[in-house]
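Asker: Before I ask anything, let me first share the structure, which is written out below as structure tokens.
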Amino acid sequence: MDLAIVGAGAAGAAAAYALRATNHDVTVFEKSRGVCGRAATRRRGDCTYDHGANYVKDDSERVTELLTETLPTEGLVAVDDPVWTFDADGRIAESDRPTETKWSYERGITQLAKRLFTETDAEVAFETRVGGLERTGDRWRLDDVDDDPLGSFDAVLLTPPAPQTTELLTATTWDDPRRAELAAAVEAVPYRTIYTVLLHYPFELDRPWYGLVNTDREHEVGWLSREECKDGHVPDGESLLVAQMSPAWSSRRYDDPSDEVKADAAGIVAELLGDERLADPDWTDRQGWLYALPDEGADAETLRAAEPEGLYFAGDWVAGDGRVHLAVESGLDVGERIAE
């Protein structure tokens, strides 16, 4: 079977991995220059930082076994420091929830997809954006955004965020009522926009927590974490904060000049932590995630109805929650169904 996977994120990589022992020819089309999607890593100087998804949650025995026993474990980082909470008024409190292990890698969370793909024979075409699909006979033809053909395949797996998958389905030529039903089901998945700001300081920040989460969703910061808690990410004597701003604040400020957004975010973080020094980081970075976190999943029965025609879906939005381990599980599950 010839299979096209659209998207080289965690779900696409896991699906390719699940097919590694089959005779399927797998081609992955990725619009960016790297893998793992919103589980993204950057480097600046001696710092490595995960600026999208911060870690793989230790909430799936299957995925934890994959990371800690099956895939190479060199450089795997376990963060056991706790996550505390804060409210709309900025009151920080120790959480009564059990501390969970949070996984990343010394070289960043993108290592997850890289290690999955390394175990496969899949061909990954980077900087290749799929513009549409066409059902021709019993195969699927893929074109890029310039309508140039990318190939013909027995089956296609779509893994981009639901809004981008909706665009692909809308641009799909398929004379079947399921196309419109699929597009409507995927379009119904609500998303939160998150603006991530990175704040670096040439001094250590001594706090008893790895991360802070705003539990009432009324603060301008939604999540704040200390990247120095991950081995190999930040040199000793330095601090790097990852501030994921609230969806309301992120949507309001998304198109504002980045220097203004970063400066304002630094001031908000300084006030939250009660430390005026944090309003003046020595360097900053940022990333806007327009489609960051799904709040619900698409109707599973509607999605599965297209599988007999060789059209599959995977991603955290299929599971209904923006977690890396759920994206991996979704990819593994659909890959196993394709293999059957």
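The values are calculated or read from the model by the stated rules, or taken from the named source; none is laboratory data. Just so it is clear, the model here is predicted, and its values are computed rather than measured. Cβ sites come from the backbone with ideal geometry, for glycine too, and all protein chains shown count toward neighbours.
Asker: Taking the condition of a type in the set (Gly, Ala, Ser) and within 21 Å of the chain's Cα centre (by Cα), does Gly211 pass?
Answerer: yes
Asker: So, His219, is that one in contact with a Leu (Cβ under 8 Å, 6 or more places away or on another chain) and over 17 Å from Trp283 (Cα atoms) or not?
Answerer: yes
Asker: Same structure again: Which residue is farthest from the chain's Cα centre (by Cα), if the candidates are limited to region 95-114 and must be basic (Lys, Arg) and farther than 20 Å from Asp59 by Cβ?
Answerer: Filtering region 95-114 for residues that are basic (Lys, Arg) and farther than 20 Å from Asp59 by Cβ, the one farthest from the chain's Cα centre (by Cα) comes out as Arg107.
Asker: Residue pairs, Cβ under 7 Å, 6 or more apart or interchain, first in region 41-70 and surrounded by fewer than 22 Cβ atoms within 10 Å (Cβ to Cβ) and in a helix (DSSP H, G or I), second of a type outside the set (A, V, I, L, M) and modelled with pLDDT under 95. List them.
Answerer: Thr64/Asp58
Asker: Out of all the residues in region 96-126, which are assigned to a loop (DSSP other than H, G, I, E, B) and touching a residue at least 60 places away in the same chain (Cβ under 8 Å)?
Answerer: Correct list: Glu106, Arg107, Gly108, Ile109, Thr110, Glu119, Thr120, Asp121, Ala122, Phe126.
Asker: Anything in region 284-294 that is crowded, with 18+ Cβ neighbours inside 10 Å and either closer than 18 Å to Ala18 by Cα or of a type in the set (A, V, I, L, M, F, W, C) (or both)? List them, or say none.
Answerer: Answer for region 284-294, where residues must be crowded, with 18+ Cβ neighbours inside 10 Å and either closer than 18 Å to Ala18 by Cα or of a type in the set (A, V, I, L, M, F, W, C) (or both): Trp289, Ala292, Leu293.
Asker: If you don't mind, another one. Restricting to region 295-331, count the residues that are more than 12 Å from the chain's Cα centre (by Cα) and either surrounded by fewer than 20 Cβ atoms within 10 Å (Cβ to Cβ) or not in a helix (DSSP H, G or I) (or both). Spell out the reasoning first.
Answerer: The initial filter retains those residues of region 295-331 that are more than 12 Å from the chain's Cα centre (by Cα), namely 295-314, 318-320, 329-331.
Keeping just the survivors that are either surrounded by fewer than 20 Cβ atoms within 10 Å (Cβ to Cβ) or not in a helix (DSSP H, G or I) (or both) gives 295-302, 304-314, 320.
Result for region 295-331: 20.
Asker: Then there is this: Hydrophobic (A, V, I, L, M, F, W, C), touching a Leu at 6+ places or on another chain (Cβ under 8 Å) and not assigned by TED's automatic domain parsing to the domain that holds Thr70: does that describe Phe126?
Answerer: no
Asker: Residues being out of contact with any strand residue (DSSP E or B) (no Cβ under 6 Å at 6 or more places or on another chain) and under 15 Å from Ala113 (Cα atoms): count how many of those fall in region 20-29.
Answerer: The qualifying residues number 1.
Asker: Of all residues in region 166-189, which are closer than 16 Å to Gly7 by Cβ, in a loop (DSSP other than H, G, I, E, B) and either outside the structural domain of Val6 (by TED's automatic domain parsing) or in contact with a helix residue (DSSP H, G or I) (Cβ under 9 Å, 6 or more places away or on another chain) (or both)?
Answerer: Residues satisfying the conditions are Thr172, Val189.
Asker: Another one. What are the residues in region 71-91 that are closer than 23 Å to Asp216 by Cβ and assigned to a strand (DSSP E or B), if any?
Answerer: Val83, Trp84, Thr85, Phe86
Asker: I need the full set of residues from region 1-40 which are of a type in the set (A, V, I, L, M, F, W, C), buried (at least 21 other Cβ atoms within 10 Å of the Cβ) and assigned to a loop (DSSP other than H, G, I, E, B), in order please.
Answerer: Ala8, Leu19, Val35, Cys36, Ala39, Ala40
Asker: Go over the candidates Gly52, Gly9 one by one and state the one that is under 21 Å from Gln244 (Cβ atoms), under 18 Å from the mean Cα position of the chain (by Cα) and assigned by TED's automatic domain parsing to the domain that holds Val318. Full working, then the answer.
Answerer: Details: Gly52 fails: assigned by TED's automatic domain parsing to the domain that holds Val318.
Exactly one residue qualifies, and that residue is Gly9.
Asker: Quick one: which of Arg135, Arg141, Arg129 is under 30 Å from Ala306 (Cβ atoms), in contact with a Pro (Cβ under 7 Å, 6 or more places away or on another chain) and surrounded by 14 or more Cβ atoms within 10 Å (Cβ to Cβ)?
Answerer: Answer to the selection: Arg141.
Asker: Please state which of the following conditions Thr73 fails to meet, knowing it meets all the rest: (1) surrounded by fewer than 14 Cβ atoms within 10 Å (Cβ to Cβ); (2) among the β-branched types (Val, Ile, Thr); (3) in contact (Cβ under 8 Å) with a residue 12 or more places away in the chain.
Answerer: So the condition that Thr73 fails would be (3).
Asker: Go over the candidates Ala248, Ala243, Ala292 one by one and state the one that is outside any loop (DSSP other than H, G, I, E, B) and more than 25 Å from Val318 (Cα to Cα). Break it down into steps so the answer makes sense when it comes.
Answerer: Values: Ala248 fails: more than 25 Å from Val318 (Cα to Cα); Ala292 fails: more than 25 Å from Val318 (Cα to Cα).
Answer to the selection: Ala243.
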